[in-house]
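Reviewing the structure listed below.
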Amino acid sequence: MRRRLAALLATPCLLLAAHAGFASETASAQANATLAQTTLVQRGDVQIEVHADGAGPTLLLLPSRGRGAEDFDVLVPGFVEAGYRVLRPEPRGIGRSRGPMDGITLHDYAEDVAAVLRHFDAAPAVIVGHAFGNWVARTTGVDHPDLVRGVVIVAAAAKNYPDGMAEHVARSADLSLPDDERLKSIQYAFFTPDFDASVWLHGWYPEVSRAQRKAGLATSQETWWSGGSAPLFDLQAGNDPFKPAASRNEVRDEFGERVTLAVIPDTGHALIPQAPQAVVDAIVAWERSLPDAEAVRARQE
C-alpha cells in the first residue's frame, strides 16, 4: 500500500481513498498507551507542553484553530508504527502551555514551534499543520528554514476562502451557545453532511480560538503563504468549504514542483477525524520521498 502511494504521489494530483473503517476510539486508546513522554519547553515567558511518542524522523503536528493536540491521538499509532517520532505541542492556553495571548502574530506561534524543535534536537523536521495549524507550519518554514525539512498543509484554506466561514469557526468554539446551534456550524464548516459532526462538539478552547484568530488577522498573509523554500505537501479534503474546487491548484500553480498535491475525496475541513488512515498513509509516503535529515543538514552547511 505505501509503495503504491509513494509512486502515486509523484503524479501531479492524487485522489486518495478515505479509510472509513478506521476506528477512532480504538486508535485513541492505542495512542494513549504508546505515549512516551510529556515535556515542558521554556522560552522566556512562554511555556509549551509537548507530547512526544515514538522514535525516528520527526513529525511535529499542529492542530486546528481553538483545538488541542488530542485531535492527533487518532494518527499517533500509525505514525509510531511506521517508524516516526511524533511531537505534539499544545497551543498556548491549552494544558500546561502558557504565554501571551494578546498582541501576538503567527510569527510568535512559529517561535514556539522553533523552541520545541531545538529542545528535542529534532531539526530539520517535517511540520504538519491541520487547518489553522497550517498557517503556523508555513510561518515556521519561512522564519526558520534551517529547522524545516518539509511542510504538510492538511485541509488548508484557499488564499481567499468564502465569506462567513471564520464566523462558523467562532460559533463552533463558543461554549456559551446551545450545543445544537454549535453543532450546525461544526457540521457546515468542518464535516461532510453524512458524517456525525458531534465527534467535534467537545475539545474546543474559546480563548485560544479568539487569540489565534487575532494573531492571524495581525499577520500579513504574504509573510507566510509560501511556507519557505522546503518541499510542501498540500493534502486536501475533497469537499472542504474553505477550499472551493476552483482553488484546488492554487498553491501548486504558484510554487510549482516544490508542491505535491493530493486529495482525499468525500471529506471536509476536519479531515483528520474523517479519514485518519488515509492521512497517515499519504504523509508517510510523501515523507519517504524526501531527502533524509542528514542530507538536508549537509546542504544547509
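The values are calculated or read from the model by the stated rules, or taken from the named source; none is laboratory data. All of these numbers come straight from a predicted model, not from anything done at the bench. Virtual Cβ from ideal backbone geometry, glycine too; neighbours counted across all protein chains shown. Calculation scope for accessible area: heavy atoms of the full protein, side chains included, ligands and nucleic acids excluded. Shrake-Rupley method; radii C 1.70, N 1.55, O 1.52, S 1.80 Å.
Over the chain, accessible surface divided per residue gives 42 Å², non-protein components excluded, 1.4 Å probe. HIS130 contributes about 0 Å² of solvent-accessible surface, heavy atoms of the protein only, 1.4 Å probe.
In units of the compact-protein estimate 2.2 N^0.38 Å, the chain shows a Cα radius of gyration of 0.91. Counting only protein heavy atoms and a 1.4 Å probe, tell me what percentage of segment 173-226's accessible area is made up of carbon and sulfur. Summing carbon and sulfur atoms, their accessible area is 53 percent of the total for segment 173-226. Here segment 194-301 is treated with +1 on each Lys and Arg Cβ and -1 on each Asp and Glu Cβ, and its dipole about the Cα centre works out to around 320 debye. Distances between every pair of Cα atoms in segment 186-253, grouped in 10 Å steps from 0 to the bin holding the largest one, split as 15, 32, 42, 11 percent. Report summary: the helix-based calculation at 222 nm, which adds -39500 (n - 2.57) for every DSSP H run with n ≥ 4 and divides by the residues of the chain, gives -11000 deg cm²/dmol. When GLU181, GLU287, GLU207, GLU257 are compared by accessible area of protein heavy atoms, the largest-first order is GLU257, GLU207, GLU181, GLU287, using a 1.4 Å probe. Only Cα pairs under 8 Å and 6+ residues apart enter the sum, and on that basis the relative contact order of the chain stands at 25 percent.
The smallest convex shape that holds all Cα atoms of segment 68-162, its convex hull, gives 121 Å³ per residue. Under the convention that each Lys and Arg Cβ holds +1 and each Asp and Glu Cβ holds -1, the size of the dipole of the chain around its Cα centre is about 400 debye.
Distance between the C-alpha centers of segment 76-137 and segment 187-212? Whole Å please. Value for the Cα centre distance between the two parts: 20 Å.
Less than 5 angstrom separates the built amide H of VAL148 from those of ALA125, all sequence-distant by 5 or more or on a different chain. For the peptides 73-79, 104-110, 174-180, 260-266, residues were scored by their other Cβ atoms within 10 Å and the scores averaged per peptide; the highest-first order is 73-79, 104-110, 260-266, 174-180. Put simply, the amide H of ARG98, placed in the peptide plane, has neighbours under 5 Å in GLN47, ILE48, GLU49, GLY93, leaving out anything fewer than 5 places away on its chain. Given a 1.4 angstrom probe, I'd like the percentage of the accessible area of segment 45-163 that is carbon and sulfur, rounded to a whole number. Ligands and nucleic acids excluded, carbon and sulfur reach 47 percent. Kirkwood hydrodynamic radius computed over segment 154-301 comes to 17.0 Å, based on all pairs of distinct alpha carbons. Taking only the C-alpha atoms of segment 72-230, Rg followed by Dmax gives 16.2, 46 Å.
Note on segment 48-100: along the principal axes its Cα atoms extend 35, 16, 12 Å, ordered by decreasing extent.
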